[in-house]
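Report on the following structure.
Bear in mind these aren't lab numbers, they're just calculated from the coordinates by the rules spelled out. These numbers come from a predicted model, not from an experiment. Note that we place each Cβ from the backbone using ideal geometry, even for glycine, and neighbour counts take in every protein chain shown.
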Amino acid sequence: MRDSRTKRHSKRLQFFVLLFFLLILIASSKMFNIDRLLLNNSTKTLELMSSMNIDMNKYSGIKIYDDEILIVSPNKIISLDYNGTVKWKKDIKAINPIVRFGMHNIYILDSINGQVIALDLNGEEIWRYDFKKSIEDIIEKGDCLIVFTKAGEKKDQINIFDLKGDLVGNIILEQGIALDCDISNDKKKVLINVLDLSDEKIKSKVALYSINGYEIWEQDVENDIISKINFIDDKILSVTKSDIKLLNSKQKLLWDRGIDGEIIDLNIDIENKQIILLYAGNKKYLEVISINGRTKMKKEVDKNIKKIYIRDSNIYLVGDKKIYGISKDVFLDYNISEKIKSVGVLKDKLIVITNEGIKIMKLVNLKSN
């Protein structure tokens, strides 16, 4: 009887030992899937649809839209369709103008005369605003246009317009330089990245204001410089070269992630509420972080990768002559002979910009052998 019990006990022990090692194997396999090198499981490739032989070194800016490409020379904006046909041209009469592209409008900044001119995507003027003072820069965020000017000689002023050209708010900073801004979804709050040079030590700040110019709070960042700020719903993202923080609107820290390396590029996927970052230390990694601060995906990538693009749920990584497409796994691994300047990602095609021209590439299935 005792021998029978001993045998049963031994079998149970063997079963639990086997189960234990099986669980360890599964866990280590999952860890490996997170940290492995990008493997070539490609199911797609890029097929050249058309190309435009344009010396892109002659142009100072480019913007890719769903049905046109806009390029900027020192005194002209040119619209091209995807066959290379000129749709329209617009002369720029300002001296040393700055051109900025939004989702629905084009903005010409005459920084010397202090004037902003807004065009629609057909090149027609829809409104202009005369500040009668010099303008530092303009940027479109959401359904608002932010114009950076000076209040007097020293104080930075942030002017917020709707896309119809109506001034809806302004903010004057008592100290510091406004490097960047973002607008909350309800258009009631403005987030500002401030560089404070008032003391001997350079300080970086995150400041939250009402759109009417009242300061709600500000927070100093010690021993680092903020490179990016953004609203994600009602939460606030603050990024330095090696750290990511998420705060709520009352300044409470929700989470803080130190990065083992330097952040090279970062993209915010608002729709899926996640942060996609590319960073380099001893190796280079792509990491996807949820809004809760947890790692959803982490992969070692080619050391030449420099830029992240997103479209729908797909991530595109671009290097000098390489384009990866990633969903859960790599679905695209494509080499190009020319050095890539930038990429436009549309629903069913990629627009690849090189010094020699513009290539219209279609995403197609790989042919099986």
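Below are the figures for this structure:
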| item | result |
| --- | --- |
| Positive-end residue, the stretch 173-258 charge dipole about Cα centroid, Cβ charges, pick of ALA207, LEU246, ALA178 | LEU246 |
| The stretch 267-309 residues near the modelled GLN219 label - backbone nitrogen below 15 Å, point 7 Å along Cα→Cβ | 292-293 |
| Helix axis angle, 2-35 relative to the chain longest principal axis, alpha carbon, degrees | 20 degrees |
| Sites LYS252 and ASN122, calculated FRET efficiency, Cβ-Cβ separation with R0 51 Å, nearest 0.05 | 0.65 |
| The stretch 173-258: relative contact order as a whole-number percent, Cα under 8 Å and 6+ apart | 19 percent |
| Relative contact order (percent, whole number), the chain, Cα cutoff 8 Å, 6+ residue spacing | 13 percent |
| Neighbour-count order for GLU125, GLU271, fewest beta carbons within 10 angstrom listed first | GLU271, GLU125 |
| Lys/Arg +1, Asp/Glu -1 at C-beta; the chain dipole; positive extreme among VAL330, ALA151, TYR65 | VAL330 |
| Sorted by Cβ density within 10 Å, fewest first, the residues GLU218, GLU200 | GLU200, GLU218 |
| Value of [θ]222 nm, deg cm²/dmol, for the chain, DSSP H segments ≥ 4, -39500 (n - 2.57) each, nearest 500 | -3500 deg cm²/dmol |
| Simple label model, 7 Å out from Cα along Cβ direction - ASN113 to SER290, nm | 5.4 nm |
| Pairwise centroid distance, computed over Cα atoms, of the stretch 198-216 with the stretch 323-369, Å | 41 Å |
| Test item: Cα-centred dipole of the chain, Lys/Arg +1 and Asp/Glu -1 on Cβ, debye | 2140 debye |
| For the stretch 61-124 versus the stretch 242-298, the gap between their alpha-carbon centres in whole angstrom | 33 Å |
| Size of charge dipole - the stretch 72-137 - debye, nearest 20, with Cβ of Lys, Arg +1 and Asp, Glu -1, no other charges | 140 debye |
| Length added when fully stretched, LEU48-ASP91, from 0.36 nm per residue minus Cα-Cα | 12.3 nm |
| Computed label-point distance, nm, for sites ASN355 and HIS104 using a 7 Å Cα→Cβ extension | 4.0 nm |
